[in-house]
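The values are calculated or read from the model by the stated rules, or taken from the named source; none is laboratory data. Since we're looking at a predicted model, the values are computed, not measured. We place every Cβ from the backbone using ideal geometry, glycine too, and count neighbours over all the protein chains shown.
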């Protein structure tokens, strides 16, 4: 039963993506909508990142994770190297948890 569900979901996903490719020439999107679509993708990504930052499952993740993400975001905004951003964010969250701040 599990294999059948996986196959059905896989086929559904494939046909939805194929439909987008096949129907591309038949749909006319306005210039305004074409301009707004990339911003919608960025907004969706920001919403997913925000949710992952503050939630652990169905409960609040605590203060340490959002603090680590904030430190990482600040360093990324200041154009620090990627390794420095990741290590500083992880170290911030780890030190806060070590201090007993969840």
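Per-residue answers, yes or no, for (1) over 26 Å from residue 101 (Cα atoms); (2) touching a residue at least 60 places away in the same chain (Cβ under 8 Å); (3) not in a helix (DSSP H, G or I):
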residue	(1), (2), (3)
4	yes, no, no
8	yes, no, no
15	yes, no, no
47	no, no, no
50	no, no, no
62	no, no, yes
79	yes, no, yes
84	no, no, no
Given (1) modelled with pLDDT of 95 or more; (2) farther than 30 Å from residue 102 by Cα, number of the condition residue 23 does not satisfy
(1)
